[in-house]
Amino acid sequence: MLMHSVTDPADPHERLLDACCAAIERGEIDVLFQPQFRIQDGAIVGAEALARWAHPIDGAIAPEMLFMLAAERGCVPQLTRHVAHRALAVAAGWPDHLRLSVNITPADVAAPGFASDFAALVAQARFEPARLTVEITEEVLLADVQAAAAVLGKLRALGIAIALDDFGAGFCNFRYLKLLPLSGLKLDRTMVEGIADDPRDLAVLRGICAMARALGLVVTVEGIEMPAQLAAVSGESCETYQGFLSAPPMSAADFAQLAAQQR
Ligand code: C2E
Ligand code: MG
Ligand code: MG
């Protein structure tokens, strides 16, 4: 009788898993930068680093899929390290007023020594910690929020900002706002989708912004695609935004050029 092998090389998923780990090891995961703009005057204030994997056969693999594959093979810490290392090297060449945001995962936060390894990476790149934001999504923190708070607290103590990513995308755990050493909230694009034409959506956004202000959190709005959405958030206490309306994720060279045009 034929047994299904766990590492069957003919299995497309297994092939993708192997290719993912090999691509991480070979440093083939690319990093794009999505500009972040100040709402008040449209100035570029920084960029978020976003991983990209161009599979030789399957083409572009979505970053969510990339991180799922990496998680299955236990190589998320290597992947995060690679993206952060590459992004920091690029951002070290930016003018001082520009900030960098990088995404981290629960697997990173749970890895022993993460805070000190990450701090060493930042120091090695000679990037000012006060110009760096670490983004973490709320859904993934559920496992051990106290432990996550302790690790993130170490980064915060170095001057690194901590933003809760995709806020409002799913089940909002407001306890996190109290327990985690946050400096900002990133509102998920689902929170701005309807604000231009549904007063209830705008009311929810307004309420969240008021709460963030009361907690001293800086608010970044994601997924601004239409001028009417930008106009709607302009009236609220949100500081910055990202979105296809103004700029998609782009190469390091394109970001540098765009930022230079504004100077
Ligand atoms: P995220 O951190 O919330 O990143 C923002 C995502 O929204 C990006 O998708 C970006 O391309 C997309 N986006 C930006 N503006 C708009 C817009 O106006 N409309 C719409 N519809 N989408 C917009 P991307 O690059 O596909 O990344 C998806 C997610 O994958 C990220 O969401 C993040 O959670 C994860 N990810 C990407 N790179 C990394 C990474 O290096 N590390 C980790 N841990 N996660 C990453
Ligand atoms: Mg993010
Ligand atoms: Mg997000």
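The values are calculated or read from the model by the stated rules, or taken from the named source; none is laboratory data. Treat the numbers as computed from the prediction; the structure is a model and nothing was measured. Ideal geometry is used to build each Cβ from the backbone, glycine not excepted, and the neighbour counts take in all protein chains shown. Surface areas here come from the heavy atoms of the whole protein model, side chains and all, with no ligands, DNA or RNA. Shrake-Rupley method; radii C 1.70, N 1.55, O 1.52, S 1.80 Å.
Summing -39500 (n - 2.57) over the DSSP H runs of n ≥ 4 in the chain and dividing by its residue number, what mean residue ellipticity at 222 nm do you reach, to the nearest 500 deg cm²/dmol? It would help to have the intermediate numbers written out before the result.
Numbers: 10 runs with 108 residues, N = 263.
Rounded to the nearest 500, it is -12500 deg cm²/dmol.
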Total charge dipole magnitude, the chain, about the Cα centre, Cβ charges on Lys, Arg, Asp, Glu only, Debye to nearest 20:
980 debye
Under a plain spin-label model, where a point goes 7 Å from the Cα along Cα-to-Cβ, how far apart in nm are ASP30 and VAL204?
3.5 nm
The farthest towards the positive end of the charge dipole of the chain, of the residues GLY113, GLY74, THR137, given +1 on Cβ of Lys and Arg and -1 on Cβ of Asp and Glu, is GLY113
Added length on full extension, which subtracts the Cα-Cα distance from 0.36 nm per residue, VAL145 to ARG213:
22.2 nm
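Kindly sort ASP197, ASP117, ASP166 by accessible area of their heavy atoms, largest first, with the probe set to 1.4 Å.
Details: ASP197 130, ASP117 85, ASP166 40 Å².
Heavy-atom accessible area, descending, gives ASP197, ASP117, ASP166.
Let's test the formula: R0 of 30 Å, r as the Cβ-Cβ distance of SER183 and ASP58. What FRET efficiency results, to the nearest 0.05?
Numbers: r = 38 Å, r/R0 = 1.26.
Efficiency for this residue pair is about 0.20.
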Area of MET68 that stays accessible when all protein chains are in place (1.4 Å probe, Å², to 10):
120 Å²
Once phi is turned into θ = phi - 60°, what whole-Hz ³J(HN,Hα) does the Karplus curve with 6.51, -1.76 and 1.60 give for every residue of the stretch 203-216, x standing for Gly and Pro?
5, 5, 4, 4, x, 5, 5, 5, 5, 4, 4, 4, 8, x
Whole-number accessible area per residue in Å² for the stretch 60-119, which is evaluated in the context of all protein chains at 1.4 Å
46 Å²
Placing +1 at every Lys and Arg Cβ and -1 at every Asp and Glu Cβ, with all other atoms neutral, what dipole size does the stretch 124-263 have around its Cα centre, in debye to the nearest 20?
660 debye
In Hz, Karplus ³J(HN,Hα) per residue of the stretch 168-183 (6.51, -1.76, 1.60; θ = phi - 60°; x = Gly, Pro)
x, 6, x, 7, 7, 9, 5, 4, 4, 5, 8, 7, 9, x, 7, 10
Any idea what the relative contact order of the stretch 13-261 is, in percent, if you count C-alpha pairs under 8 Å spaced at least 6 apart?
19 percent
If you fit an axis through the alpha-carbon atoms of helix 252-261 and take the longest principal axis of the Cα set of the chain, what angle between them do you get, 0 to 90°, nearest 10?
20 degrees
Cα axis of helix 63-72 to longest principal axis of the chain: angle in degrees, 0 to 90, nearest 10?
40 degrees
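State whether the stretch 13-261 is rounded, prolate or oblate according to the following rule on the C-alpha gyration tensor (a ≥ b ≥ c being the square roots of its eigenvalues): a/c under 1.5 gives rounded; otherwise a/b larger than b/c gives prolate, and the remaining case gives oblate.
Values: a/c = 1.44, a/b = 1.31, b/c = 1.10.
Rounded.
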Quick one: Cα centre-to-centre distance for the stretch 184-263 and the stretch 56-115, in angstrom?
23 Å
Here, ASN173 and ASP96, labelled 7 Å along Cα→Cβ, have an inter-label distance in nm of 4.0 nm
Taking Cα atoms only, helix 12-25 is inclined relative to the longest principal axis of the chain by an angle, in degrees rounded to 10, of 70 degrees
Per the charge dipole of the chain (beta-carbon charges, Lys/Arg positive, Asp/Glu negative, Cα centre), the residue among ALA91, VAL102, LEU158 reaching farthest to the positive end is LEU158
With every protein chain in place, the stretch 13-261: carbon and sulfur % of accessible area (1.4 Å):
56 percent
Using θ = phi - 60° and the Karplus form 6.51 cos²θ - 1.76 cosθ + 1.60, what ³J(HN,Hα) does each residue of the stretch 133-138 get, whole Hz, x for Gly and Pro?
10, 9, 9, 9, 7, 5
